[in-house]
Amino acid sequence: MARQIFVNLPIRDMERSKAFFGALGFSFNPQFTNEQGACMVVSDTIYVMLLVEPFFQTFTRKPIADARESTEVLVCLSCESRAEVDELVKKALAAGGKAPNAPQDHGFMYGHGFEDPDGHVWELVWMDPNAAPPQA
């Protein structure tokens, strides 16, 4: 069985978050989605649990970081092409997200990203490993 990853993120408004990520083309597993949390399907092995803050708080004794004021995590997703990077950023901006940085083109690697409505940073990257510079 392939290893899976479940990224857990605190959110303030479930419907706003589901609408935002739905506009980017992500779906939700209804078996693990309710008013407290939503299981966003990124791939067959990658899931993001969007958890409303009071429910998220039940999993930790530490205070929840306000991602609009500080950075607790940078989520980076690979993309199939430069065009997919640009298209996802375009969709995120149209759905109310922000682009915190300009796109970065390193030839063999191209990246851009967005902030979701709760301030979490999502980096998107396309890379051609055959064109990457050799290791020293």
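The values are calculated or read from the model by the stated rules, or taken from the named source; none is laboratory data. Being a predicted model, the structure only gives us computed values, none of them experimental. With ideal geometry, Cβ positions are generated from the backbone for all residues, glycine too; neighbour counts draw on all protein chains shown.
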Note down all Cβ pairs under 9 Å where the first residue falls in region 90-106 and is assigned by TED's automatic domain parsing to the domain that holds Glu123, the second is assigned to a loop (DSSP other than H, G, I, E, B) and exposed (fewer than 14 other Cβ atoms within 10 Å of the Cβ), and they're at least six residues apart or on different chains. Lys91/Gly25
What number of residues within region 27-44 are within 14 Å of the chain's Cα centre (by Cα) and of a type in the set (Val, Ile, Thr)? 2
Every residue in region 31-56 that is outside any strand (DSSP E or B), among the β-branched types (Val, Ile, Thr) and out of contact with any Cys (no Cβ under 6 Å at 6 or more places or on another chain), please. Val42, Thr45
Tell me, which residue of region 60-72 that is charged (D, E, K, R) and touching a Gly at 6+ places or on another chain (Cβ under 9 Å) is surrounded by the fewest Cβ atoms within 10 Å (Cβ to Cβ)? Glu69
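In region 14-35, how many residues are farther than 12 Å from Leu50 by Cβ and in contact (Cβ under 8 Å) with a residue 40 or more places away in the chain?
Let us first name the residues in region 14-35 that are farther than 12 Å from Leu50 by Cβ, namely 23-25, 27, 30-31.
Next, from what is left, pick out any that are in contact (Cβ under 8 Å) with a residue 40 or more places away in the chain: 23-25.
Adding up the residues that qualify gives 3.
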Just one listed residue, out of Val75, Val85, is within 20 Å of Leu9 (Cβ to Cβ) and surrounded by 13 or more Cβ atoms within 10 Å (Cβ to Cβ), and it is Val75
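So, in region 87-104, exactly how many residues are within 19 Å of Leu74 (Cβ to Cβ) and part of a loop (DSSP other than H, G, I, E, B)?
6
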Need the failing condition index for Ser78 against (1) in contact (Cβ under 8 Å) with a residue 40 or more places away in the chain; (2) closer than 17 Å to Ala23 by Cα, just the number. (2)
Of Gly111, Gly37, the only residue that is of a type outside the set (Phe, Trp, Tyr), in contact with a helix residue (DSSP H, G or I) (Cβ under 7 Å, 6 or more places away or on another chain) and in the same structural domain as Arg16 (by TED's automatic domain parsing) is Gly37
Only one of (1) part of a strand (DSSP E or B); (2) not assigned by TED's automatic domain parsing to the domain that holds Gly113 does not apply to Cys76, and that is (2)
Filter result for Val121 (closer than 17 Å to Arg68 by Cα, touching a Leu at 6+ places or on another chain (Cβ under 8 Å) and of a type in the set (Val, Ile, Thr)): yes
